[in-house]
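**Student:** Sharing a structure, written as structure tokens. Questions coming.
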Amino acid sequence: VYGLHFTAIFDGQSPEEKSSEHQRRRDRNNDNSVVINSTYIAMCAEVCEKYFFDYIIAPEEADMQVGRRNKTAIAICRDSDLIAYGHQVVVIVDSYIHSE
């Protein structure tokens, strides 16, 4: 896209250690939140293939995989975890649908 190299990195299997945190988030979220599950990730991977974008499905959470690739690249994510991995540019996006 416009001379930029784009690689999408998606979460794989959720680590067992975070199961209680994921349950807490599911309980807290309301109907307006975007649910990212294996079906959603498979759909995104299909779109990447169709439009020739590189993508990776990480073995577990994508944060560590992103941190290993290029710490100076722009990373777009839903939280600030990448900062802990030393990423220099992190854009945090809202994961909720807003209606006017």
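**Student:** Could you please give the count of residues in the range 74-94 that are assigned to a loop (DSSP other than H, G, I, E, B) and either among the acidic types (Asp, Glu) or surrounded by 12 or more Cβ atoms within 10 Å (Cβ to Cβ) (or both)?
**Tutor:** Of all residues in the range 74-94, those assigned to a loop (DSSP other than H, G, I, E, B) come to 78-80, 85-88, 93-94.
Remaining after also requiring either among the acidic types (Asp, Glu) or surrounded by 12 or more Cβ atoms within 10 Å (Cβ to Cβ) (or both): 79, 85, 87-88, 94.
Of the residues in that region, 5 qualify.
**Student:** Next question. In the range 53-73, which residue that is free of Cβ contacts under 8 Å to residues at least 24 places away in the same chain and closer than 23 Å to Met43 by Cα is least open to solvent (accessible area, probe 1.4 Å)?
**Tutor:** Taking the range 53-73 as the starting set, the residues that turn out to be free of Cβ contacts under 8 Å to residues at least 24 places away in the same chain are 63-64, 67-68, 70-73.
From the residues that got through so far, the ones that are closer than 23 Å to Met43 by Cα too are 63-64.
Numbers: Asp63: 27, Met64: 86 Å².
Filtering the range 53-73 for residues that are free of Cβ contacts under 8 Å to residues at least 24 places away in the same chain and closer than 23 Å to Met43 by Cα, the one least open to solvent (accessible area, probe 1.4 Å) comes out as Asp63.
The values are calculated or read from the model by the stated rules, or taken from the named source; none is laboratory data. This one's a predicted model, so the numbers in the text were calculated from it and none came from an experiment. Backbone-built Cβ (ideal geometry, glycine too); neighbour counts: all protein chains shown. Protein only, heavy atoms only, side chains kept; ligands, DNA and RNA dropped before computing areas. Shrake-Rupley method; radii C 1.70, N 1.55, O 1.52, S 1.80 Å.
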